[in-house]
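Here the structure is laid out as structure tokens; the discussion comes afterwards.
The values are calculated or read from the model by the stated rules, or taken from the named source; none is laboratory data. Since the structure is predicted, the reported quantities are computational estimates derived from the model, not experimental observations. Because the Cβ atoms are built from the backbone with ideal geometry, glycine has one as well, and the counts that use them run over all protein chains shown. The area values use the complete protein model at the heavy-atom level, side chains included, leaving out ligands, DNA and RNA. Shrake-Rupley method; radii C 1.70, N 1.55, O 1.52, S 1.80 Å.
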Amino acid sequence: MARRTERDIAAKWRTQTRAVRGGTNRSDFGEQSEAIFMTSGFRYDTAETAERRFTGAEQGFTYSRLGNPTVAMFEERMALLEGAPIARATASGMAAVAASLLCRVKAGDRVVAGQALFGSCRYILDEVMPRFGVSVTLIDGTDLDAWEKALAPGAEVVFLETPANPTLEVVDLRAVSTLAHAAGALVIVDNVFATPILQRPREFGADVVVYSATKHIDGQGRCLGGCILSDEDYYERYLNQYLRHTGPALSPFNAWVLLKGLETIDLRVRRHCDNALTVADFLANHPRIAAVRYPGRADHPQHALAMAQMDGAGGSVVTFELDGGRARAFEVMNALGMIDISNNLGDSKTMITHPASTTHQRLPAAERERLGIGEGLIRLSVGLEDVHDIIEDLGHALG
Ligand SMILES: *Cc1c(COP(=O)(O)O)cnc(C)c1O
């Protein structure tokens, strides 16, 4: 925030330049690569300086729970990529989701959310919020009438994920933001699947964007991280003090890994999308696959909306349905030679997951069926290998 003029210069750069150079803040040594400041605290030349830092009369770092130079570089680069005034990093994606919601609500408030969400996001809405007297209404995020009905009594927060994990449902960001604002609600979007390269929800009216940086932002399976992006009003009124005193701070080392990830995110995400579309087309034409879902394919129920919101691309995740339930799903996964059985996504290595038995096993079977997370559903995070090798491995495993 101290670097307004540098922000103004970087804001004129195009996306790929922001991803490579945004937020770089060199020390007196003039290092070319961003420095890692592995320090918990900072020293002051005089007691008066310490006092001024604490009152805010003087800019500068005091303690890495509150701010750190390497973490600040990552935050500034994220703010530039998202086009948001404020970015604050967290230790994981779930720390970002939890903080963005919990800092804003109090007993008696209402939250309306799309029901198709990452499993741990559902836990916060289903289990944590109600314990503190916050009522949560879950609806089909693709149904605008359902949003309108649920928001009619008023609400404080709307929470949604688009495309959603693992159903790849797409929510209309502009329409839902308009309905939410009319009801007095703040709109928080979990934008993990789309990444800031494909979709910037604030351009469609959303207020707060959260990321698991563990996914495409690192993109190489090395560390956890998260980020919350917002305007100054939400930050000053709710988020800032909450983060300072609850402490979900990102490690400076992980911030450095994520900074390096951002330098290639544009290239990687575009190749992920190309590979994912090729794999989705292959699977859709395979006789032993019952159904394929990919926002980049014309047969996706919200294909046109996805293309309009996601810069014309479908993302890195493809899901498909096998006849024969869990037994057949496990048989195919176990027959793979290259693709890894793993629950991460957005990694350079292609990974396969069975959501019903892993990421979404906490939900009762009936609820999973209702969401479209059947026993035969498989989620594929398409990586950056040569797409022919990915297809050959899948073709062989499908037999
Ligand atoms: C992975 C993920 C999260 C949680 O992120 P972590 O970094 O694992 O804590 C939240 N939302 C979505 C959509 C995710 O895919």
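Numbers at a glance
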read-out: Verdict on Ser251 being in contact with a Pro (Cβ under 8 Å, 6 or more places away or on another chain), at pLDDT 95 or above, within 22 Å of Gly22 (Cα to Cα) and among the small types (Gly, Ala, Ser); value: no
read-out: Which numbered condition Met333 misses (of (1) in a helix (DSSP H, G or I); (2) open to solvent by 40 Å² or more (accessible area, probe 1.4 Å)); value: (2)
read-out: Any chance Gly60 is under 19 Å from the mean Cα position of the chain (by Cα) and not assigned by TED's automatic domain parsing to the domain that holds Gly374; value: no
read-out: Qualifying position, being open to solvent by less than 10 Å² (accessible area, probe 1.4 Å), within 16 Å of the ligand (Cβ to nearest atom) and in contact (Cβ under 8 Å) with a residue 60 or more places away in the chain, among Thr70, Thr90; value: Thr90
read-out: Entirely in segment 1-80, the helices (runs of 4 or more DSSP H) that have 3 or more residues that are modelled with pLDDT of 95 or more; value: 15-21, 47-55
read-out: Scan of segment 165-180 for residues that are modelled with pLDDT of 95 or more and not acidic (Asp, Glu), ordered by number; value: Leu168, Val170, Val171, Leu173, Arg174, Ala175, Val176, Ser177, Thr178, Leu179, Ala180
read-out: Residue that is nearest to the ligand (Cβ to nearest atom) [pool: residues in segment 349-362 that are touching a helix residue (DSSP H, G or I) at 6+ places or on another chain (Cβ under 7 Å) and in a loop (DSSP other than H, G, I, E, B)]; value: Thr359
read-out: Candidate set from segment 358-394 (those that are open to solvent by 30 Å² or more (accessible area, probe 1.4 Å) and hydrophobic (A, V, I, L, M, F, W, C)); member that is farthest from Gly346 (Cα to Cα); value: Ala366
read-out: Residue satisfying condition, being farther than 19 Å from His388 by Cα, buried (at least 18 other Cβ atoms within 10 Å of the Cβ) and touching a residue at least 12 places away in the same chain (Cβ under 8 Å), within set Pro295, Pro301; value: Pro295
read-out: Residue pairs meeting the criteria (Cβ under 8 Å; at least 6 apart or on separate chains; first without any contact (Cβ under 8 Å) to a residue 24 or more places away in the chain and closer than 17 Å to Arg379 by Cβ, in segment 258-287; second hydrophobic (A, V, I, L, M, F, W, C) and open to solvent by less than 50 Å² (accessible area, probe 1.4 Å)); value: Ala284/Val292
read-out: Of all residues in segment 197-216 being in a helix (DSSP H, G or I) and over 20 Å from Glu263 (Cβ atoms), the one that is nearest to the ligand (Cβ to nearest atom); value: Pro201
read-out: Test set (1) within 19 Å of Ala194 (Cβ to Cβ); (2) modelled with pLDDT of 95 or more; (3) crowded, with 19+ Cβ neighbours inside 10 Å - Gly83 fails condition number; value: (3)
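Listed here are the residues, each with its yes/no results for (1) more than 27 Å from Val71 (Cα to Cα); (2) open to solvent by less than 30 Å² (accessible area, probe 1.4 Å); (3) not assigned by TED's automatic domain parsing to the domain that holds Phe118.
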position: His181; (1), (2), (3): yes, no, no
position: Val187; (1), (2), (3): no, yes, no
position: Thr195; (1), (2), (3): no, yes, no
position: Arg200; (1), (2), (3): no, no, no
position: Lys215; (1), (2), (3): no, yes, no
position: Asp218; (1), (2), (3): no, yes, no
position: Arg222; (1), (2), (3): no, no, no
position: Glu232; (1), (2), (3): no, no, no
position: Glu236; (1), (2), (3): no, no, no
